[in-house]
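Heads up: the structure comes next, in structure tokens.
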Amino acid sequence: MPKTYPKRLEDFGKKYVPLLRTYLQREETRDLDKVIRDELVNKIQGLIDRINGAKQTLVENKVLTGLDLLDRSTRKLDKIRDSIKFAARGYSGVFDLEVMGDDQLKRLLDFDQSLFDQISGLESGLSETLSKPAAELKTSLSALDQKIKDFETKLDQRDAYARERQAGK
């Protein structure tokens, strides 16, 4: 996803604006963060849509068992989706007082990758849950609920790391 700039712009930047290249690289990193968060939001929205479809199917089949737990899962996923969607953009701005180092940036990118891994776990857990007969639905939904809580905890850990960085720790 790296952007290429005309040679004239790069030459101009080297000669007259020495930090222009750094600025452009940092902006690319901030754009990358936005793309990552948008993809996470899309995956979570896909989970929400699947749960809503399952709720609709249960209602059409006149099965009310587990609807409350499915609704609770939907609300939790809505909250998670919105917290990711409306978070501050970027890993670190070029004019921030404390610029994030490459090792810190790599750690956050690795963290974000682990979020995708956990989303995959949620997707497989949801598929497994929805394949269960109605009698086993409540037990299976409790396991899915725990996976959602684990994902929330992982997001909180990421936020805590970002706050530590801002506090200069």
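Every number in this text was worked out from the coordinates using simple rules, so none of it is lab data. From a predicted model like this one, the values you see are computed outputs, not experimental measurements. Positions of Cβ are backbone-derived with ideal geometry, glycine not excepted, and every protein chain shown enters the neighbour counts.
Taking the Cβ-Cβ separation of Ala134 and Asp78 as r and a Förster radius of 30 Å, what is the calculated FRET efficiency to the nearest 0.05?
So the FRET efficiency works out to roughly 0.75.
Can you give me the distance in nm between label points at Val63 and Ser120, each placed 7 Å from the Cα along the Cα-to-Cβ direction?
About 2.9 nm, to one decimal.
Mean projection of the alpha-carbon convex hull of the range 27-85 over all orientations, in nm²?
3.7
R0 = 25 Å: FRET efficiency of Leu109 with Asp71, Cβ-based, nearest 0.05? Kindly include the intermediate steps, with their values, before the conclusion.
Values: r = 34 Å, r/R0 = 1.37.
It comes to 0.15.
Using 0.36 nm per residue, how much length does the chain from Gln56 to Lys149 gain when fully extended, once their Cα-Cα distance is taken away?
31.1 nm
With each pseudo-label sitting 7 Å past Cα toward Cβ, what's the Gln157-Asp49 distance in nm, one decimal?
With each label placed 7 Å out from Cα toward Cβ, I get 3.0 nm.
Tell me the net charge near Ser114. Cut-off is 11 Å between Cβ atoms, Ser114 excluded, with +1 for each Lys or Arg and -1 for each Asp or Glu.
0
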